[in-house]
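Structure, as structure tokens:
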Amino acid sequence: MAQMDIKSEEIAKTENFMAWKVLEPDEEVTYHIEFGKITVHFYVEEWDEFLEFKDEFVDIPIGTTGTLAETESYLAMCEQVDGDTIYSIEMPGATLYFFEDDWSELLSLFRELK
């Protein structure tokens, strides 16, 4: 059996988060974002929607509460819970939660995504 070379390319990286794309053996491109220990995988159509989604909230000031952005598949929110500012991103199959420092770092990563 021949070994397949999978070509990956880093798109953006911070201390705790990373995004990359992979040219799969079938010539399809997939995208990936590593949120700490969790990795979310995107096909091209999902990635395109995610890029539009993140563009809606990356420049909203830290601490703004309520719904930050919403598409058919994604939702970003910020709320105050017991004195803490908690950010969340809902996506198919998962909801990810971030404290303010992590959110700020995540926004840095998102600003690099094209």
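I'd like the residue in region 59-76 that is in a loop (DSSP other than H, G, I, E, B) and among the small types (Gly, Ala, Ser) and, out of all such residues, is farthest from Leu113 (Cα to Cα).
Gly63
For (1) modelled with pLDDT of 95 or more; (2) more than 20 Å from Ala94 (Cβ to Cβ); (3) loosely packed, with under 14 Cβ neighbours inside 10 Å, each residue gets a yes or a no:
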residue	(1), (2), (3)
Met1	no, yes, yes
His32	yes, no, no
Gly36	no, no, yes
Trp47	yes, no, no
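How about region 92-114: which of its residues are in contact with a helix residue (DSSP H, G or I) (Cβ under 8 Å, 6 or more places away or on another chain) and either without any contact (Cβ under 8 Å) to a residue 12 or more places away in the chain or in a strand (DSSP E or B) (or both)?
Once the filter is applied, which keeps residues that are in contact with a helix residue (DSSP H, G or I) (Cβ under 8 Å, 6 or more places away or on another chain) and either without any contact (Cβ under 8 Å) to a residue 12 or more places away in the chain or in a strand (DSSP E or B) (or both), region 92-114 yields only Phe98.
Would you mention how many residues in region 10-30 are modelled with pLDDT of 95 or more and either more than 10 Å from the chain's Cα centre (by Cα) or part of a helix (DSSP H, G or I) (or both)?
Final tally of qualifying residues: 12.
I'd like to verify a number: residues in region 77-91 that are of a type in the set (Gly, Ala, Ser) and either under 19 Å from Phe50 (Cβ atoms) or part of a strand (DSSP E or B) (or both), how many?
Looking only at region 77-91, we keep the residues that are of a type in the set (Gly, Ala, Ser), and these are 83, 88.
Checking the rest, the ones that are also either under 19 Å from Phe50 (Cβ atoms) or part of a strand (DSSP E or B) (or both) come to 88.
Counting residues in region 77-91 that are of a type in the set (Gly, Ala, Ser) and either under 19 Å from Phe50 (Cβ atoms) or part of a strand (DSSP E or B) (or both) gives 1.
The values are calculated or read from the model by the stated rules, or taken from the named source; none is laboratory data. No experiment lies behind these values; they were computed from the predicted model shown. Positions of Cβ are generated from backbone atoms using ideal geometry, with glycine treated the same way; all protein chains shown enter the neighbour counts.
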